[in-house]
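The values are calculated or read from the model by the stated rules, or taken from the named source; none is laboratory data. Note that this is a predicted model, so its numbers are computed, not measured. Cβ sites come from the backbone with ideal geometry, for glycine too, and all protein chains shown count toward neighbours. To get the accessible areas, we keep the full protein, side chains included, count just its heavy atoms, and leave off ligands, DNA and RNA. Shrake-Rupley method; radii C 1.70, N 1.55, O 1.52, S 1.80 Å.
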Amino acid sequence: MSTLQFYNSLTREKEAFKSILPGKVGMYVCGPTVSGESHLGHARPFITFDIVYRYLKHLGYQVRYVRNITDAGHFEEEGRESEDKISKKAVLEKMEPMELVQKYTNLFHWAMRAFNNLEPSIEPTATGHIVEQIVMIEKIIQDGYAYVVNGSVYFDVEKYHKDFGAKGMQYGILSGRVLEEQLETTRELESQDEKRNKIDFALWKNAAPEHIMRWQSPWGIGFPGWHIECSAMSTKYLGEEFDIHGGGMDLQFPHHECEIAQSAVCNHKIPAKYWLHNNMITINGKKMGKSYNNVIKLSELFSGTHEILTQGYSPMTVRFFILQTHYRSTLDFSNEALQASEKGLKRMWEAFSYLRKMSLSQTDADASNIELENKVIGILNGLEEDMNDDLNTAKVMAGLFELVPVINSIKDGKIDRNALSSKTLALMQGQFTTYLVDIFGLTDESKQDDDKLTAVLQLIGEIRKDARSRKDFATSDKIRNQLLAAGIQLKDEKDGGMSWELL
RNA sequence: GGUCCUGUGGCCGAGUGGCUAGGCAGAGCUCUGCAAAAGCUUCUACAGCGGUUCGAAUCCGCUCGGGACCUCCA
């Protein structure tokens, strides 16, 4: 029996996972900023952590999964025009900011459902937790690690680093950055610097009159800084110290580093034990991002309406594509790669469909092919080990694929049904279901055919069968070709039967 | 410029000292009236150079290439 291991960004090594409370896990994952439509890049963390969530549940843990919605505007970098990207776009689109946020939240949820991601236990919004954030900021000010300037509040990174570094919580502990170097290398920013130090970050930002998203605070009217919401909400719902904090690698610095500093001041401890970061999806080797102008929105991805795409890719194809790679590797997007996933998934799913419907004999006869039996059992038992090894979904998938020819050969009669014992066949059914359905969250995407269509096709199938038995291939081919043109593909099975697929 | 990661066959992508990844594509064969599907077989690898070792894709060094973060970002 292997045990679950995670690569912990905090310690930079693989560690055995042990929950703080036996049997219970608290997990916080940074959610989307709903100022725009979700894109392909968003698919990765939310599918990755959906797998983490599903796997922990599979292992029997009771998991509280918190994933926030960032719906409060974040300011841009100091030195640029100070603006809130949500409110800016709201003006452009002539919408209420909350209306805009709601629209993109809905779209995000639509995409998550399409991917068959389980809903988090709690999905808190930043705007719904302004009070908690203000309380936290007040505490940080009280303790002397933040200062107020012109209605804004900034975190004093240098003071924090000096005091908490002595307690083993230095600024840079997560990202491996050395503060002294940061102080030297941080770029010179233009003008109006209210901050004592360039690396200080905002906890609260004074809102200019034209700024639409605004709240009353002890320091005037403004809005929260871009890291405090996660600290406030994770503490509220998971406690001062919880098990897992997840997100994309790009959030490691500064976002998660700042979260640690804020929480450390308030709670005197690093908020999470295990920090998990998924790697990026790249397009032609470049990270996808707003600033690269190569963003494929999820709606475009599914429909194929983007100039990079030669066709649309279904949510399950995308999910499968992501699972075929380890989550800490970069994943390069291309039409070729997605088409490979589409075909691979189809083959896997068809084998699985046959396997799950296979009725097993009740007898306990031994396998007639011991070698094959042992090979199959070896692969099936190895899946858990691969999954426990920092969620090596790619390797699990490879193991399952090795069994596909076995299943198909049984189906085609090329391998005798008795080659494997019923016990092993049952194990195979169980493991395929567990991994593909329960843990990987894959679903059947084949178009549903209704009863009437089934009856019609059965009739047509019989007519065609008669024609074939008379060697009237002109008729049988006409039936097959015309149905294909109508989007129904007929397949003659080995056993003389016929199956069809709606294209 | 600083910090870090990475370079596997036509494409995607596991693997971290000796043992096969896997998917897709290509080729051949089998089955089939034909097709589709499926099965079997098969080809093209570990960026380059040097070192450590009985043995390296895997460890070390250098060279070259790619990327991430340092700024909103999944």
*Ignoring ligands, DNA and RNA, what percent of the 1.4 Å accessible area of chain A is carbon and sulfur?*
49 percent
_In degrees, nearest ten, helix A:40-58 long axis to first principal axis of chain A (Cα)_ = 80 degrees
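Any chance you could run the full-extension gain for A:ASN267 through A:GLN62? It's 0.36 nm times the residue separation minus the Cα-Cα distance, nm to one decimal. Please report the intermediate quantities before stating the final value.
Numbers: separation 205, 0.36 × 205 = 73.80 nm, distance 2.45 nm.
So the chain would gain 71.3 nm between A:ASN267 and A:GLN62.
Quote the charge dipole size of the stretch A:366-481 about the Cα centre in Debye, to the nearest 20; the model charges only the Cβ of Lys and Arg (+1) and of Asp and Glu (-1). Before the final figure, lay out the partial values.
Working: 15 positive and 21 negative charges, 198 e Å.
So the magnitude is around 940 debye.
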_For the ranges A:380-386, A:486-492, what's the packing order if you count other beta-carbon atoms within 10 Å of each residue, average per peptide, and put the highest first?_
A:380-386, A:486-492
*Roughly speaking, what is the stretch gain from A:ASP492 to A:TYR354, that is 0.36 nm per residue apart minus the C-alpha to C-alpha distance, in nm to one decimal?*
48.1 nm
*Counting only heavy atoms of the protein chains, get the accessible area per residue of chain A (1.4 Å probe) and round it to a whole Å² value.*
47 Å²
*For the charge dipole of the stretch A:298-439, defined by +1 on Lys and Arg C-beta atoms and -1 on Asp and Glu C-beta atoms about the Cα centroid, which residue among A:PHE352, A:ASN374, A:LEU309 has the Cα displaced farthest towards the positive pole?*
A:PHE352
*asked:* Amide H of A:TYR327 versus every other amide H placed in the peptide plane: which residues, excluding those fewer than 5 positions away on the same chain, fall under 5 Å?
replied: A:THR393
*asked:* Among A:GLN339, A:VAL295, A:TYR28, whose Cα projects farthest towards the positive end of the dipole of chain A, with charges put on the beta-carbon of Lys, Arg (+1) and Asp, Glu (-1)?
replied: A:GLN339
_If packing is taken as the average number of other Cβ atoms within 10 Å across a peptide's residues, how do A:49-56, A:349-356, A:218-225 rank, most packed first?_
A:49-56, A:218-225, A:349-356
*Return the distance in nm (one decimal) between the two label points of a simple spin-label model at A:GLU158 and A:LYS478, each offset 7 Å from Cα along Cα→Cβ.*
8.9 nm
*With axes computed from alpha carbons, what is the tilt in degrees of helix A:97-114 against the longest principal axis of chain A, rounded to the nearest 10 within 0 to 90?*
30 degrees
*Inter-label distance, nm, simple model (7 Å from Cα along the C-beta direction), A:ALA426/A:GLU96*: 5.9 nm
*Could you work out the mean projected area of the convex hull around the alpha carbons of chain A, in square nanometres to one decimal?*
28.7 nm²
_Charges on Cβ only, +1 for Lys and Arg, -1 for Asp and Glu, centred on the Cα centroid of the stretch A:193-236; of A:PRO218, A:ALA202, A:SER231, which one is farthest towards the dipole's positive end?_
A:SER231
*How large is the dipole of the stretch A:451-502 about the Cα centre if only Lys and Arg carry +1 and Asp and Glu carry -1, each at its Cβ, rounded to the nearest 20 debye?*
180 debye
*Under 30 Å from the Cα of A:LYS478, which lysines turn up, not counting those fewer than eight places away in the same chain?*
A:LYS343, A:LYS346, A:LYS411, A:LYS447, A:LYS452, A:LYS465, A:LYS491, A:LYS494
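Work out how much length A:LEU502 to A:ALA394 would gain on full extension: take 0.36 nm times their residue separation and subtract the Cα-Cα distance, in nm to one decimal.
Details: separation 108, 0.36 × 108 = 38.88 nm, distance 2.91 nm.
Residue separation times 0.36 nm, minus the Cα-Cα distance, leaves 36.0 nm.
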*Taking H as built 1.01 Å from N, whose amide H comes closer than 5 Å to the amide H of A:ILE283, not counting residues under 5 places away?*
A:MET288, A:PHE333
*Along the Cα-to-Cβ line of A:LYS236, 7 Å from the Cα, sits a label point; which residues in the stretch A:12-51 have backbone N less than 20 Å from it?*
A:26-35
*On a 0 to 90 degree scale, rounded to 10, what angle separates helix A:257-267 from the longest Cα axis of chain A?*
60 degrees
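How about the stretch A:256-329: which GluC sites (Glu not before Pro) there are in a DSSP loop, with at most 15 other Cβ atoms within 10 Å of their Cβ? Write down the numbers at each step before the final one.
Working: sites: A:GLU257, A:GLU259, A:GLU300, A:GLU307; in loops: A:GLU307.
Those satisfying the criteria are A:GLU307.
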*Whose amide H sits under 5 Å from the amide H of A:SER152, counting only residues 5 or more places off or on another chain, with H placed in the peptide plane?*
A:ASN206
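For chain A, with only Lys/Arg (+1) and Asp/Glu (-1) charged at the beta-carbon, what is the dipole magnitude about the Cα centre, in debye rounded to 20? Don't jump to the answer; show the numbers that get you there.
Working: 58 positive and 70 negative charges, 237 e Å.
So the magnitude is around 1140 debye.
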*If we sort A:455-466, A:158-169 on the protection proxy, mean other Cβ atoms within 10 Å, highest first, what's the order?*
A:158-169, A:455-466
*Stokes-Einstein D (µm²/s) once Rh is taken as the Kirkwood radius of the stretch A:451-502 over alpha-carbon pairs, at 25 °C in 0.890 mPa s*: 222 µm²/s
